[in-house]
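First the structure, in the form of C-alpha cells, and then the observations on it.
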C-alpha cells in the first residue's frame, strides 16, 4: 500500500491486519469488500481514459472543493487489491468488528456481510438508518466501537490472569 493509496479507512486496517500479525483487535468501519465496485458511479464511466490522458484527476465534494486526487498508480493499486484474499490472511486470533450503516449510499451494506462470511473471528453490527458518514449516528458508532474494544480488553485481561 503506497502513501498515495486510493484505499481508505476500514480497508486499510484490514489490509494491515492481513500483512502484519501484530494487532489483536480491528474495527472496520464501512469498509469496501469489492474494490472494483463503485468506481464508475463515483468517478464517471471514462475514469481510466482520463487517468491515462492526464495521469490524474481531482475528485470534488458537493461544494466543488477538491477532496482528493486520484492518480493512475493509486487507481491500479485499488483495482488490484483483493480484499477476499486479504481477509483470509487475517490471523484467527485477531478479533474483527465490522460496523456498517444500512443507508450507506457510498459502499453497499452487502459488503459488510461479505466480510462477515470470510473473516474467522468476526462480529458484524449494522447501524440502522446510518449513511456512510454516520451523520445522525456518530454517538451510536462510537458506542459500538468503544464497547467492542472494551470487551476485547476484558477478554485479554481474563485470559492472562
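The values are calculated or read from the model by the stated rules, or taken from the named source; none is laboratory data. Note that this is a predicted model, so its numbers are computed, not measured. Positions of Cβ are generated from backbone atoms using ideal geometry, with glycine treated the same way; all protein chains shown enter the neighbour counts.
Name the single residue that is farthest from residue 142 (Cα to Cα) among those in segment 32-42 being surrounded by fewer than 17 Cβ atoms within 10 Å (Cβ to Cβ) and modelled with pLDDT under 90. Only one residue tops the list, namely 40. Of the residues making up segment 79-102, those that are crowded, with 18+ Cβ neighbours inside 10 Å and out of contact with any strand residue (DSSP E or B) (no Cβ under 8 Å at 6 or more places or on another chain) are 81, 83, 86, 87.
Quick one: would you say residue 29 is surrounded by 12 or more Cβ atoms within 10 Å (Cβ to Cβ), assigned by TED's automatic domain parsing to the domain that holds residue 122 and over 30 Å from residue 136 (Cβ atoms)? Talk me through it step by step, then tell me what you get.
Numbers: surrounded by 12 or more Cβ atoms within 10 Å (Cβ to Cβ): yes; assigned by TED's automatic domain parsing to the domain that holds residue 122: yes; over 30 Å from residue 136 (Cβ atoms): no.
No; evaluated as a whole, the condition is false for this residue.
Taking the criterion of being over 18 Å from the mean Cα position of the chain (by Cα) and part of a loop (DSSP other than H, G, I, E, B), the residues of segment 22-71 that qualify are 22, 44, 45, 46, 55, 61, 62, 63, 64, 65. Only one entry of 66, 59, 70 meets the criterion of being closer than 23 Å to residue 134 by Cα, in contact with a helix residue (DSSP H, G or I) (Cβ under 8 Å, 6 or more places away or on another chain) and not assigned by TED's automatic domain parsing to the domain that holds residue 150, and that entry is 59. When restricted to residues that are over 23 Å from residue 17 (Cα atoms) and assigned to a loop (DSSP other than H, G, I, E, B), segment 101-154 contains 14. Whenever a residue of segment 91-115 is outside the structural domain of residue 18 (by TED's automatic domain parsing), it has no partner that is crowded, with 24+ Cβ neighbours inside 10 Å lying with C-beta atoms less than 8 angstrom away and at least six residues away or across chains.
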